[in-house]
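First up is the structure itself, then whatever we jot down about it.
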């Protein structure tokens, strides 16, 4: 049977300019440096996942680092959310406050093939919700302007620092077999990216979202493989992932930021 890839229509709804700016990031100019957005982060996660699939231990290590950072960001956003929830709990029971929703929210179609990219999308949705609640609290005189801006900036920093960390990722070009053989690829990777923990080198510690490893010979890693695909994780994504969903790993508006060049 000649089955195609599975597809699922997905979109992200944002209600605040604060969250929208984090999605897009900021293009570099003569006066200001560029800031990576969620769209650029998703693109890097696709390359990172592809590198881990090709048995690059450095890609595996980066997946662990990004997963840890995402978990930490989630925890810190929950602290901010608990703080504003406590403030809103002080509203007299005689006063009913409805949801603070945008009458014309932005709806962004999503095409994401890396699970770590989805975790970041969930964090942006949490931040959007946090921003809405903060602005409601300020509008109803429950917090002052300084508190509003402080908490908005704290939440924004958590997300942007996560995305910025991902920009440091580079595909090493070496596999675990190269490392074991200590060949030229392995020596170059060690010199440029440093040593790795032994459990990462052995493949016994990987991200819970790490893909199955596809082992290829040194020759096949240097040339395009069957079906016109290359094994270079910086090449366009388009293969079917292990869960059967499309491996397309880009996101709308990804061209507005630079992934990691």
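Just so you know, all these numbers are worked out from the coordinates, no wet-lab data involved. Only a predicted model underlies this, so the values are computations on that prediction, with no experimental measurement involved. FYI the Cβ positions are ideal-geometry reconstructions off the backbone, even for glycines, and counts take in every protein chain you see.
Some points to look at:
- Matching residues, region 1-34, being within 14 Å of the chain's Cα centre (by Cα) and either at positive phi or surrounded by fewer than 22 Cβ atoms within 10 Å (Cβ to Cβ) (or both): 24, 25
- Scan of region 179-217 for residues that are farther than 15 Å from residue 58 by Cβ and either touching a strand residue (DSSP E or B) at 6+ places or on another chain (Cβ under 6 Å) or not in a loop (DSSP other than H, G, I, E, B) (or both), ordered by number: 181, 184
- Scanning region 168-178 for residues that are outside any helix (DSSP H, G or I) and either buried (at least 17 other Cβ atoms within 10 Å of the Cβ) or at positive phi (or both) turns up 169, 170, 171, 172, 173, 174, 175.
- Matching option when the condition is touching a helix residue (DSSP H, G or I) at 6+ places or on another chain (Cβ under 8 Å) and not in a helix (DSSP H, G or I), among 159, 119, 97: 97
- Comparison of 86, 104 shows that the only residue that is exposed (fewer than 15 other Cβ atoms within 10 Å of the Cβ) and assigned to a helix (DSSP H, G or I) is 86.
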